[in-house]
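Read the structure below first, then the notes.
The values are calculated or read from the model by the stated rules, or taken from the named source; none is laboratory data. Please read all numbers here as calculations on a predicted model, not as lab measurements. Cβ sites come from the backbone with ideal geometry, for glycine too, and all protein chains shown count toward neighbours. Quick note on the areas: whole protein, heavy atoms, side chains included, nothing else; ligands and nucleic acids left out. Shrake-Rupley method; radii C 1.70, N 1.55, O 1.52, S 1.80 Å.
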Amino acid sequence: MKTCSRQADAAMLQAKHEGKRRLGRIDPSLPASRFARQALIRRRLPQALESAGFSLHYQPLMDIRTGWCPAVEALLRWEDPEAGRVSPDEFIHVAEHTGMIHALGLWVIDEACAQARRWADVGTARAVSVNISPLQLAAGSLVRDIHACLQRHSLPPSLLSIEITESAAISDLASAAAQLRALMDAGIGVDLDDYGTAYSSLSLLRELPLTGLKLDKSLVDTIDTDPTSAVLLAAAMASAKALGLKTTAEGVERESQLAVLKDLGCDTAQGYLIARPLPPADLDNAWAAPSDGGQGPA
Ligand code: C2E
Ligand code: MG
Ligand code: MG
């Protein structure tokens with residue numbers, strides 16, 4: 001009986017994780033260890049904020065033309081004494097389900113602004129891009145919260161961007177569009193993340209105020225080996241360019257992918273080829289600041 005309710009719970013969380021209007025199916029073949037892990041994550045997550053279990057790692061975003069990395073993406077990390085290292089793919093949807101995402105999302109924005117301020121103060125200014133959950137957009141206080149963080153850390157809006165996912169925007173298009181417009185008008189970047197993973201991408205480009213498009217790893221994976229993939233990526237990039245949007249390719253792992261992206265005129269590359277997400281101290285050591293004229297290790 002207990003196992004059954006745990007399985008139902010896991011199926012429901014999985015359905016939420018995959019997006020709206022999905023059915024969760026109980027899969028008896030899933031190992032019990034996976035249910036136990038999910039239960040552990042649900043139990044440990046509420047204390048993680050108070051016990052300083054979270055940190056941000058930063059992954060460089062490389063300007064393909066110059067080789068410099070004037071910006072980074074902030075990626076949440078959680079290290080728990082019992083659960084060990086837990087990846088965002090395991091805990092973000094749990095935080096969304098329990099409502100904790102609001103406090104956690106605010107902590108992320110504040111910490112990213114604090115770090116961007118530290119970099120600016122030591123002469124290695126980097127813009128920081130922060131992932132925003134659909135629920136943060138739905139709550140309606142995002143614009144106010146972001147302005148409060150910028151003010152608290154005296155950070156210029158040009159040093160902050162947000163990344164929203166397609167599902168984030170779809171749930172309430174009019175409200176999302178108004179908030180994104182307000183952020184853009186204030187000089188904050190707004191990127192559509194994981195572009196190419198949902199069916200409504202093209203209509204969203206028309207509806208949403210955006211400054212950039214992040215092309216999902218699945219679109220980028222085989223551009224150097226499969227001509228059809230390269231054609232599809234070129235088409236997505238042409239749409240972005242026609243709308244005046246900056247393009248970022250996600251999940252770049254090989255030089256040959258980077259060469260294709262360069263040929264296609266993609267603006268920015270992100271991926272293990274350039275650097276993995278790093279704690280701020282390692283990033284300081286590994287990367288010369290753009291103002292020094294230095295280039296990354298890629
Ligand atoms: P994302 O925003 O699309 O972030 C990119 C993910 O791809 C990151 O995974 C990054 O580590 C991974 N990645 C980057 N380059 C490569 C590569 O070359 N190869 C491969 N295989 N992977 C690469 P991560 O850090 O596990 O984050 C997963 C997702 O969790 C993120 O996807 C984002 O949707 C979500 N997430 C992370 N931090 C936050 C946060 O602070 N708030 C919210 N709401 N979501 C977050
Ligand atoms: Mg992202
Ligand atoms: Mg992405």
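Leu213: in contact with a Leu (Cβ under 7 Å, 6 or more places away or on another chain) and either outside any helix (DSSP H, G or I) or not aromatic (Phe, Trp, Tyr) (or both), yes or no?
yes
Please work out if Ala238 is within 14 Å of Cys266 (Cα to Cα) and not β-branched (Val, Ile, Thr).
yes
Quick check, is Thr225 away from ligand 2 (no atom under 16 Å from the Cβ), open to solvent by 60 Å² or more (accessible area, probe 1.4 Å) and not in a helix (DSSP H, G or I)?
Numbers: away from ligand 2 (no atom under 16 Å from the Cβ): yes; open to solvent by 60 Å² or more (accessible area, probe 1.4 Å): yes; not in a helix (DSSP H, G or I): yes.
Considered against the rule, which asks whether it is away from ligand 2 (no atom under 16 Å from the Cβ), open to solvent by 60 Å² or more (accessible area, probe 1.4 Å) and not in a helix (DSSP H, G or I), Thr225 comes out as yes.
Please count how many residues of the range 262-277 are polar (S, T, N, Q) and open to solvent by 30 Å² or more (accessible area, probe 1.4 Å). Step through it out loud before you land on a result.
Here is the first cut: in the range 262-277, the residues polar (S, T, N, Q) are 268, 270.
Among the residues that remain, those that are also open to solvent by 30 Å² or more (accessible area, probe 1.4 Å) are: none.
Final tally of qualifying residues: 0.
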Please specify each residue of the range 160-195 satisfying the condition of being open to solvent by less than 30 Å² (accessible area, probe 1.4 Å) and over 20 Å from Ala240 (Cα atoms).
Leu160, Gln179
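Can we say Ala112 is within 15 Å of the chain's Cα centre (by Cα) and not basic (Lys, Arg)? Spell out the reasoning first.
Numbers: within 15 Å of the chain's Cα centre (by Cα): yes; not basic (Lys, Arg): yes.
Considered against the rule, which asks whether it is within 15 Å of the chain's Cα centre (by Cα) and not basic (Lys, Arg), Ala112 comes out as yes.
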Looking only at the range 224-236, which residues are in contact with a helix residue (DSSP H, G or I) (Cβ under 7 Å, 6 or more places away or on another chain), more than 16 Å from ligand 3 (Cβ to nearest atom) and among the aliphatic types (A, V, I, L, M)?
Ala230, Leu232, Ala234
If a residue counts only when it is touching a residue at least 24 places away in the same chain (Cβ under 8 Å) and within 16 Å of ligand 3 (Cβ to nearest atom), which strands (runs of 3 or more DSSP E) contained entirely in the range 75-190 have at least 1 such residues?
127-132, 160-165
Of all residues in the range 196-221 being basic (Lys, Arg) and within 16 Å of ligand 1 (Cβ to nearest atom), the one that is most open to solvent (accessible area, probe 1.4 Å)
Lys217
